[in-house]
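Report on one structure; see the data block that follows.
The values are calculated or read from the model by the stated rules, or taken from the named source; none is laboratory data. What you are looking at is a predicted structure, and each value in this text was computed from that prediction instead of being measured. Note that we place each Cβ from the backbone using ideal geometry, even for glycine, and neighbour counts take in every protein chain shown. The protein model used for the area step is the full one, side chains on, heavy atoms only, and it has no ligands, DNA or RNA in it. Shrake-Rupley method; radii C 1.70, N 1.55, O 1.52, S 1.80 Å.
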Amino acid sequence: MDYTAKLDQAIGKLHEEGRYRTFIDIERRRGQFPHAVWARSDGIEQNVTVWCGNDYLGMGQHPAVLGAMHEALEATGAGSGGTRNISGTTVYHKRLEEELADLHRKEAALLFTSAYIANDATLSTLPKLFPGLIIYSDALNHASMIEGIRRNGGAKRIFRHNDLDHLRELLQADDPDAPKLIAFESIYSMDGDFAPIEAICDLANEFGALTYLDEVHAVGMYGPRGGGVAERDGLMGRIDIINGTLAKAYGVMGGYIAASAKMCDAIRSYAPGFIFTTSLPPTVAAGAAVSVATLKKDATIRAQHQTQASILKTRLRGLGLPVVDHGSHIVPLIVGDPVHTKQLSDMLLEQFGIYVQPINFPTVPRGTERLRFTPSPVHGPREMDALISALDQLWSHCALNRADLTA
């Protein structure tokens, strides 16, 4: 076997399809978000504006968050020193879990190193706790949910995206006495559309199913205290397990589930993804706890965020560009071709200092390749004007709306 040739073949295929992913080296500067410095391959440093970051609210720069992290670093040092089971549980981890449980009005929360791991570990463990469990999964669920469900060895049913009739058909077709769980997201990150949470909860009640809701793109940003779309809609009490992240609205790192004390205890005791992983550094846990606590009290920043997203979508529509608008903070601009999407991204970066990463298959279906913008409260009028002007020039010049890139 020529292993190198096989690697060349696999990577070459991505290049041929126009979906080979490249990373640019950027350095965030404290207090200057969304501005950063791009270390170009020619050795020149170029100032850029980041329009695709997941630090939705700029909390990664918040003075209270940074202060808590500095304090924890001086008090504890760099790392946690072990897994949660072996010396890696500190007062900072416990404090963060208490903040998260309170955020979602649940008895307990369980902290993981990322929301991906939280989804994967939890969904792959549940069939151990409920033998014969059938999981009903939305077709557009995140890769972490898909992977956890795939690995658990149990039965699964995939229902068409947000299709309640299809979900009902699948539930009706199965043994009424079998344990069941419906897994879905509150906001789907690529189109920014919302799940019909209340209707899904109604079906879960009717068929005796548990509910598992991924609120990764909503925690911190929706609801009176940032508890997510379920809090906004008064439905948190009807969700059995909530998954969230600390790496987006909260600006730090980590993931978690919030549920009953017994559910969290069982996952803690059975999930390899929790048991055998070194815990987050205390510095990270300290910063995340302050970020969560701060956003519980600050609804103003959430309102500013929604306003900025609405303004951007309105201005893109004003140019006649194919923006997707489901009423959330996510702003996808559909290009529809991987090569064109990458070239547009490159031109925005090189000519205008605007960084937005192309989104291609398999993250989105073929033919729906896009640029996904994530405006924040600190993307002001100057940044917005610069983006709109650049897109106006490039879209018209490249005739991307006719899939005829000639630039």
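Yes or no: residue 181 assigned to a helix (DSSP H, G or I), of a type in the set (A, V, I, L, M, F, W, C) and either on the phi < 0 side of the Ramachandran plot or free of Cβ contacts under 8 Å to residues at least 40 places away in the same chain (or both)? Let's see the steps before the verdict.
Working: assigned to a helix (DSSP H, G or I): no; of a type in the set (A, V, I, L, M, F, W, C): yes; either on the phi < 0 side of the Ramachandran plot or free of Cβ contacts under 8 Å to residues at least 40 places away in the same chain (or both): yes.
Considered against the rule, which asks whether it is assigned to a helix (DSSP H, G or I), of a type in the set (A, V, I, L, M, F, W, C) and either on the phi < 0 side of the Ramachandran plot or free of Cβ contacts under 8 Å to residues at least 40 places away in the same chain (or both), residue 181 comes out as no.
Summed over the stretch 20-52, the residues that are touching a residue at least 40 places away in the same chain (Cβ under 8 Å) and either farther than 27 Å from residue 376 by Cβ or of a type in the set (A, V, I, L, M, F, W, C) (or both) give a count of 9. Looking only at residues in the stretch 62-94 that are of a type in the set (D, E, K, R) and farther than 15 Å from residue 280 by Cβ, the one that is most open to solvent (accessible area, probe 1.4 Å) is 74. Being assigned to a loop (DSSP other than H, G, I, E, B), over 19 Å from residue 272 (Cβ atoms), at pLDDT 95 or above and basic (Lys, Arg) is the requirement here; does residue 156 meet it? No: the conditions fail for residue 156. Name every residue in the stretch 237-250 that is over 17 Å from residue 188 (Cα atoms) and open to solvent by 20 Å² or more (accessible area, probe 1.4 Å), in order of residue number. If the condition is that a residue be over 17 Å from residue 188 (Cα atoms) and open to solvent by 20 Å² or more (accessible area, probe 1.4 Å), then 237, 238, 240 are the ones that fit.
Filtering the stretch 258-282 to residues that are assigned to a helix (DSSP H, G or I), of a type outside the set (Phe, Trp, Tyr) and open to solvent by 20 Å² or more (accessible area, probe 1.4 Å) leaves 261, 262, 263, 265, 266, 268, 269, 272, 273, 275. Is it fair to say residue 305 is in contact with a Cys (Cβ under 9 Å, 6 or more places away or on another chain) and either part of a helix (DSSP H, G or I) or open to solvent by 50 Å² or more (accessible area, probe 1.4 Å) (or both)? Considered against the rule, which asks whether it is in contact with a Cys (Cβ under 9 Å, 6 or more places away or on another chain) and either part of a helix (DSSP H, G or I) or open to solvent by 50 Å² or more (accessible area, probe 1.4 Å) (or both), residue 305 comes out as no.
In the stretch 11-61, the residue that is nearest to residue 309 (Cα to Cα) out of those that are of a type in the set (S, T, N, Q) and exposed (fewer than 12 other Cβ atoms within 10 Å of the Cβ) is 47. A search for C-beta distances below 7 Å between a residue of the stretch 222-234 that is among the aliphatic types (A, V, I, L, M) and at pLDDT 95 or above and any residue that is surrounded by fewer than 20 Cβ atoms within 10 Å (Cβ to Cβ) and not in a loop (DSSP other than H, G, I, E, B), counting only pairs 6+ apart in sequence or on different chains, returns 229/194.
Among the residues of the stretch 204-231, those identified as open to solvent by less than 10 Å² (accessible area, probe 1.4 Å) and either part of a helix (DSSP H, G or I) or on the phi > 0 side of the Ramachandran plot (or both) are 204, 220, 226, 228, 229, 230.
Scanning the stretch 325-362 for residues that are surrounded by 17 or more Cβ atoms within 10 Å (Cβ to Cβ) and closer than 20 Å to residue 19 by Cβ yields a total of 21.
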